[in-house]
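Following: one structure in structure tokens, then a few remarks.
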Amino acid sequence: MRRRLAPVAVGAALLLGACLPGDADEPDDTGRSSSSSASSSSASATPAAKADTFDEPHRRELTQEQIDRALPTIDDVPKGYGPNMSDGGDDWEYKPKRCAAVEFNSPTVKDFKKKHHSVGGAAKYSQAEDRGGGFLGVWIDSYDEPYPLAYFDEAGEELSNCAEYTQASDGFQMVTKTTPITAPQVDGADRVFTLRIDSGDKAIDRLYVRSGHNRILVTQMTPTRRPFDERRLTKHAEAVLADLKKDS
């Protein structure tokens, strides 16, 4: 039987939830803090499906039921975490505008989402600030066409032009800084991109994965002083893909 925990209302976790990229009425952008810094990796490639036919279950267009089954439950997250109910939006303006690409939030990406997004879902969990204020979130989004690898290429290419940029929304403004980090290998992925955002004493790490028609995002929050560690991100991305592989 799955454990049931009451939602935790945590300032840092709510901040994180308001800033995460995703689709299907889930948050799309970076956090609402007075300032933030990010370190990012270039996209890394892994072998794609044979002849790009995407016949494998984890690369096909998904159903809502498949997504719901593949998302992590409370039993899959660290002890002491509870559901996080935060929300966000995708109405950020970027200066320079080209820097929206490193957060998969460019006009081209938004247009593709509007035209081709089928279904999506998210699972978000966090812990109380007095217990570390950690966060873990997983987004799965599926499209009626293969998710363009060009968006991963563009994100990696724009890093050198976006060492620092500004984001603004509804009168709120923040500065984001980026430095390169290495993207991990993810079994079952066609392409991977990693982004780190520093928000005060917290570091927000994002792992974007493309698998055929699908884009997966895994996000964690840890203390800024802690070095980047991809193991939890990779574990949950591969768990999603493994579940989808079985769900034919």
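The values are calculated or read from the model by the stated rules, or taken from the named source; none is laboratory data. Just so we're clear, the structure is a prediction, and the values are computed from it rather than from any experiment. A quick note on method: Cβ atoms are made from the backbone with ideal geometry, for glycine too, and the neighbour counts reach across all protein chains shown. With ligands, DNA and RNA removed, areas are computed over all heavy atoms of the protein, side chains included. Shrake-Rupley method; radii C 1.70, N 1.55, O 1.52, S 1.80 Å.
Data overview
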| item | result |
| --- | --- |
| Residues being more than 20 Å from Asn84 (Cβ to Cβ), assigned to a helix (DSSP H, G or I) and open to solvent by 10 Å² or more (accessible area, probe 1.4 Å) - total across region 215-245 | 6 |
| In region 196-217, residue modelled with the lowest pLDDT [restricted to those that are touching a Leu at 6+ places or on another chain (Cβ under 8 Å) and farther than 22 Å from Asp243 by Cα] | Ser199 |
| Residue match in region 148-158 (condition: open to solvent by less than 30 Å² (accessible area, probe 1.4 Å), among the hydroxyl-bearing types (Ser, Thr, Tyr) and in a helix (DSSP H, G or I)) | yes |
| Flag if Asp187 is at pLDDT 90 or above and over 16 Å from the mean Cα position of the chain (by Cα) | yes |
| Total residues in region 123-147, condition more than 21 Å from Phe54 (Cα to Cα) and either part of a loop (DSSP other than H, G, I, E, B) or open to solvent by less than 30 Å² (accessible area, probe 1.4 Å) (or both) | 13 |
| Matching entry among Asp68, Asp55 (being more than 22 Å from Asp229 (Cα to Cα) and modelled with pLDDT of 90 or more) | Asp68 |
| Hey, Pro184 open to solvent by 30 Å² or more (accessible area, probe 1.4 Å) and either closer than 25 Å to Lys246 by Cβ or in contact (Cβ under 8 Å) with a residue 24 or more places away in the chain (or both) or not | no |
| Members of region 115-142 found to be under 18 Å from the mean Cα position of the chain (by Cα) and over 23 Å from Asp205 (Cβ atoms), listed by number | His117, Ser118, Val119, Ser142 |
